[in-house]
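Participant: Structure provided below as structure tokens; questions to follow.
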Amino acid sequence: MAESSNRAAHPTEKAIQVFRLQGANCASCVNKIERAAKEVSGVEVATVNLADRTLSIRGDAEAAAVTAAVEAAGYGAEIVRASARELRERQRAEEQRHYHQLLWRAALALGLGVPLMGWGMITGEVGVNTTFQQVAWGLVGGLTLVVLVFCGGHFFSGAWRAFRHHGATMDTLVALGTGTAWLFSMLVVGVPQLLPESARHVYFEASAMIIGLINLGQAMEVRARGRTSAAVEKLLELQDVTARVMRDGEEVDVPLEEVQVGNQLRVRPGEKIPVDGRILDGSSTVDESMLTGEPLPVKKNKGDRLNAGTLNKNGSLLFEAEKVGAETRLAQIIELVKNAQSSRVPIARLADTISSIFVPTVMVLAIVAALFWFNWGPEPRAAHTLVVLTSVLIIACPCALGLATPMSVMVGVGKGAEYGVLVRNGKALQQASELTTLVVDKTGTLTEGAPKLTDIETDSDADELLMLLASLESKSEHPLAEAIVDAARDKKLALYDAENFEAVTAHGVRGRVHGKRVLLGNRKLMKRENIALEKWQACAEALSAKGRTAMYAAVDGELAGVIAVADPIRKDAKEAITRLKKLGLSIEMLTGDNQATAAAVARELGIARVHADLLPEDKEKIVGELQQKGTHVGMVGDGINDAPALARADVGFAIGAGTDVAIETADITLMRSSLHGVADAIELSKSTLRNIKQNLFGAFIYNILGIPIAAGALYPLTGILLSPVIAGAAMAFSSVTVVSNANRLRWFKPASVASDRKEAK
């Protein structure tokens, strides 16, 4: 599992480099940075995560070249060499510093803007008609300039940086809006005689209020954004910073980074397991809930595996480190979650396209609206023109569009990890909500995958036949083989060496044992080897009708008998199937097992459609046929033979205890070996997509309605124009609304968890 839980760790894939970004604050920035990075030689994939201000690069590009390209685009970039935990701590410290800095800026700007606005509302004296008023408002203009420089300087520097690189960002809109209001007001103060009396109105309060409100909105956004990383932070907190290593017979506390593979470590009750390993001595119960979502602690004894980040409950354990650092299961889960959080969902495509042209389009609209009011608007035209120009520039908000999907994906993916559902990418997260049919592999998915021998029918010596078959199966890795070998060992039977062993896919096995040619498999294997079945066919069918897997055994070309194994159905499988049906899914079962056994399991679980006697390619073919009928197909499996179907399905779900190939192929990995994980994933997907749609709707509606209103669309009805101050407040809090709505996903609970808690009460 650990080796393959993360595609990034796959040897055939290029390494990922992560860069911390400076100056990126809207969707326009995302497009520019990604475009610049992709032009660097060796970069295969470049993805900006606006939520945590990072750039992920896949490929073999030089870090310096990527940094230079991003800087050339007008932003800062620094490669991350720290561990995930150190990086997150650094980000949190920077967020705190930035948060307090924004609050101070907001307080200073509003400290000037609010009294000015109050003065204007109470006295109405905001015009410049006398020398005294010129001097007084000139002093106010100076104070406003101080506010623009100290509290809004970052908007102007960002706009200048974008201008030098022939671009425009949110900073451009804010700088143009507030700068225009200040310059116009200073023009009124300096040479009022150039303007008609009705237009001698100053807008210093608008500049100060806009800067203050946007800083306040950004502070609230920073605080809300920090909460979206809660899931990753919880995973990071599972990592201890030290480990107790045995050195010369003594226990020594060392930094986690110094632990090597092969070291022996001691873990006391109540302590976290520092690295992955295997128990050498001792027994205990271990709480693995943070990794698997499984609420009950698991009993661990000598020889059992331990995973980093799990909690040792009540016994002292001595274990040997098998995987350390980035190789541990916990580290790979963290990496997988972070990669998925940075990925895009298909629904974001429209928002991305609009965001890429948003700022230039708004600037053009602002100029067009201003020209309209200047040429055809009522008096005072100059004042109206300024108000419209400033309001349109200020109210437009690319931030809300840019944050609408990544924030929801970030929270949704993190929440999935909390419940043992590892989503590999945003596309799978969206498609899981659209599934109409779920095809489920039987063995290891609906059943325990650990069958036991139940019957052995033969005319000869049953123990001798079992000895031959167990000797042959000792070379196989199939779960059914293990049941036969275990049965022989339980009877204390000695096993022979098997020669020329061959596993015939979806048929059975064959080889030479103790000088005899032995075959064990299904009807197709016997037919292929021209062995008559009539003698034991009725017996096999009777066993299959009981839900057992019956296999024919042949020795030296003669049918020797039938053996049967039964794979118990998982305790929660029926409840999970019921839950999936309630989610609107049509359930179908796929299995390489015979029809009778498959039908017995399907009857027990209430599954109407069963496809039995399948080869691996048959499973993939069935998934393809369902897709051709227009259904959206999800596939749940755990074995190598499920990999083609998992890859073909719209969304592949791999059971966590399954093979590495299945996990590597699937889009979503379930840490628990339970179908409830699939229902959890689909419920989470639906909730996340609903949240994204709410965010996109809000962002689009805000801009679609806000820009025309700012341009004066309601003036013919109301006779008033939208104040730039109100435009600034609306712009500042649009992003806060999006981030806050995404944070609502943090309260998501799958139905299974809610049901468990209800029963517990």
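The values are calculated or read from the model by the stated rules, or taken from the named source; none is laboratory data. Worth saying up front: this structure is predicted, and the values here are computed from it rather than measured. Positions of Cβ are backbone-derived with ideal geometry, glycine not excepted, and every protein chain shown enters the neighbour counts. Side chains included, ligands, DNA and RNA excluded: accessible areas come from the protein's heavy atoms. Shrake-Rupley method; radii C 1.70, N 1.55, O 1.52, S 1.80 Å.
Participant: First measure r as the distance between the Cβ atoms of Glu271 and Glu499, then evaluate 1/(1 + (r/R0)^6) with R0 = 56 Å and state the FRET efficiency to the nearest 0.05. Don't skip to the end; give the middle numbers.
Facilitator: Values: r = 49 Å, r/R0 = 0.88.
E between Glu271 and Glu499, to the nearest 0.05, is 0.70.
Participant: With a cut-off of 15 Å, note down the residues of region 391-428 whose backbone N falls inside the zone around a label point 7 Å from the Cα of Glu434 toward its beta carbon.
Facilitator: Label zone hits: 426-428.
Participant: A further question follows. Kindly state, to the nearest 0.05, the FRET efficiency for Leu183 paired with Trp747, given R0 = 56 Å and r defined as their beta-carbon distance.
Facilitator: The pair Leu183/Trp747 has a calculated efficiency of 0.75.
Participant: Right, next: What distance in nm lies between label points placed 7 Å from Cα along the C-beta direction at Leu145 and Arg381?
Facilitator: 3.0
Participant: Given a Förster radius of 41 Å and the C-beta distance between Ile122 and Ile367 as r, what FRET efficiency does 1/(1 + (r/R0)^6) yield to the nearest 0.05?
Facilitator: Efficiency, from the Cβ-Cβ distance: 0.75.
Participant: Using the alpha-carbon centroid of each, what span in Å lies between region 386-418 and region 517-567?
Facilitator: Here the two parts' Cα centres lie 64 Å apart.
Participant: Now a separate question. Over the chain, what is the relative contact order in whole percent, taking alpha-carbon pairs under 8 Å and six or more residues apart?
Facilitator: Relative contact order comes out at 14 percent.
Participant: Tell me, in nm to one decimal, what length is gained between Ser283 and Val191 on full extension, where the rule is 0.36 nm per residue of separation less the Cα-Cα distance? Intermediate values should be presented prior to the final figure.
Facilitator: Numbers: separation 92, 0.36 × 92 = 33.12 nm, distance 8.71 nm.
Net length gain for the segment: 24.4 nm.
Participant: Counting each DSSP H run of 4 or more residues in the chain as -39500 (n - 2.57), what helix-only mean residue ellipticity at 222 nm follows after dividing by all residues, to the nearest 500 deg cm²/dmol?
Facilitator: Computed ellipticity for the chain at 222 nm equals -16500 deg cm²/dmol.
Participant: Below 8 Å, C-alpha to C-alpha, sequence gap of six or more: please give me the relative contact order for region 545-704 in percent.
Facilitator: This gives 15 percent for region 545-704.
Participant: Provide the three semi-axes, in whole Å and in decreasing order, of the ellipsoid equivalent to region 352-453 as defined by the square roots of 5 times the Cα gyration tensor eigenvalues.
Facilitator: 57, 12, 9
Participant: Follow-up. Can you find, among Ala366, Ala432, Ile569, the residue sitting farthest towards the positive end of the charge dipole of the chain, where Lys and Arg contribute +1 and Asp and Glu -1 at Cβ?
Facilitator: Working it through, the farthest residue towards the positive pole turns out to be Ala366.
Participant: What distance in nm lies between label points placed 7 Å from Cα along the C-beta direction at Arg81 and Ala538?
Facilitator: Spacing of the two 7 Å Cα→Cβ label points: 7.9 nm.
Participant: Counting only the backbone N, which residues of region 488-518 are under 17 Å from the spot 7 Å out from the Cα of Asp463 toward its beta-carbon?
Facilitator: Label zone hits: 488-496.
Participant: Would you mind calculating the gained length between Leu583 and Thr131 on full extension (0.36 nm times residue separation, minus the Cα-Cα distance), in nm to one decimal?
Facilitator: Taking 0.36 nm per residue and subtracting the Cα distance, the gain is 155.3 nm.
Participant: Provide the per residue accessible area, probe 1.4 Å, for the chain, rounded to a whole number of square angstrom.
Facilitator: 43
Participant: Can I ask one more? Place a +1 charge on the Cβ of each Lys and Arg in region 274-410 and a -1 charge on the Cβ of each Asp and Glu, then give the dipole magnitude about the Cα centre in debye, rounded to the nearest 20. Intermediate values should be presented prior to the final figure.
Facilitator: Numbers: 12 positive and 12 negative charges, 27 e Å.
With Lys and Arg at +1 and Asp and Glu at -1, about 140 debye.
Participant: Mind ranking 57-64, 647-654, 495-502 by how tightly packed they are, going by the mean number of other C-beta atoms within 10 angstrom, highest first?
Facilitator: 647-654, 57-64, 495-502
Participant: Still on this structure, I have one more. Among (1) 0.97; (2) 1.11; (3) 1.06, which one is Rg/Rh (Cα atoms, Kirkwood Rh) computed from these coordinates?
Facilitator: Correct label is (2).
Participant: Follow-up. Among the lysines, which have Cα under 17 Å from the Cα of Lys492 when same-chain residues fewer than 8 positions away are ignored?
Facilitator: Output for Lys492: Lys452.
Participant: Sticking with the crude label model, points 7 Å out along Cα→Cβ, report the distance from Lys516 to His165 in nm, one decimal please.
Facilitator: In this crude spin-label approximation the distance works out to 7.7 nm.
Participant: Need the C-alpha centroid separation for region 190-209 versus region 447-470, integer Å.
Facilitator: Rounded to whole Å, the Cα centres lie 96 Å apart.
Participant: Okay, next question. Hey, which of these cross-link pairs are over 21 Å Cα-Cα: Lys475/Lys535; Lys524/Lys619; Lys272/Lys302; Lys427/Lys693?
Facilitator: Lys475/Lys535
Participant: Here is a follow-up. May I ask for the net charge around Gly637, where only other residues with Cβ less than 10 Å from the Cβ of Gly637 are counted and Lys, Arg are +1 while Asp, Glu are -1?
Facilitator: Working: positive: Lys442, Lys619; negative: Asp441, Asp638, Asp642.
Its environment carries a net charge of -1.
Participant: Multiplying the sequence separation of Glu62 and Ala107 by 0.36 nm and subtracting their Cα-Cα distance, what value in nm do you get? Please list the in-between numbers first.
Facilitator: Values: separation 45, 0.36 × 45 = 16.20 nm, distance 4.32 nm.
Full-extension gain reported as 11.9 nm.
Participant: Along the positive direction of the dipole of region 170-242 (beta-carbon charges: Lys, Arg +1; Asp, Glu -1; about the Cα centre), which of Phe184, Pro196, Leu236 reaches farthest?
Facilitator: Sorting the options by dipole projection puts first Pro196.
Participant: Something else: Only Cα pairs under 8 Å and at least 6 apart count here; give the relative contact order of region 129-202 as a rounded whole percent.
Facilitator: Relative CO of region 129-202 lands at 35 percent.
Participant: Hey, if you put +1 on the Cβ of every Lys and Arg and -1 on every Asp and Glu Cβ in the chain, which of Ala404, Trp119, Tyr496 ends up farthest toward the positive end of that dipole?
Facilitator: Checked the options; the winner is Trp119.
Participant: Right, something else. Given the chain, what percent of its DSSP beta bridges are antiparallel, to the nearest 5? Don't skip to the answer; put the middle values down first.
Facilitator: Working: 72 of 91 bridges.
Just about 80 percent of them are antiparallel.
Participant: Also: With just the Cα atoms defining each centre, how far is region 238-254 from region 600-625? Give it in Å.
Facilitator: Value for the Cα centre distance between the two parts: 50 Å.
Participant: State the percentage of accessible surface on the chain attributable to carbon and sulfur atoms; use a 1.4 Å probe and exclude ligands, DNA and RNA.
Facilitator: Values: 18330 of 32670 Å².
The nonpolar share, carbon plus sulfur, comes to 56 percent.
Participant: A follow-up question, please. Give, rounded to the nearest 20 debye, the magnitude of the charge dipole that the chain has about its Cα centre when Lys and Arg contribute +1 at Cβ and Asp and Glu contribute -1 at Cβ.
Facilitator: That gives a dipole near 2200 debye.
Participant: Still on this structure, I have one more. Let me spell out the model: positive unit charges on the Cβ of Lys and Arg, negative unit charges on the Cβ of Asp and Glu, origin at the Cα centre of region 388-455. What dipole size does that give, in debye rounded to 20?
Facilitator: Here region 388-455 has a charge dipole of around 180 debye.
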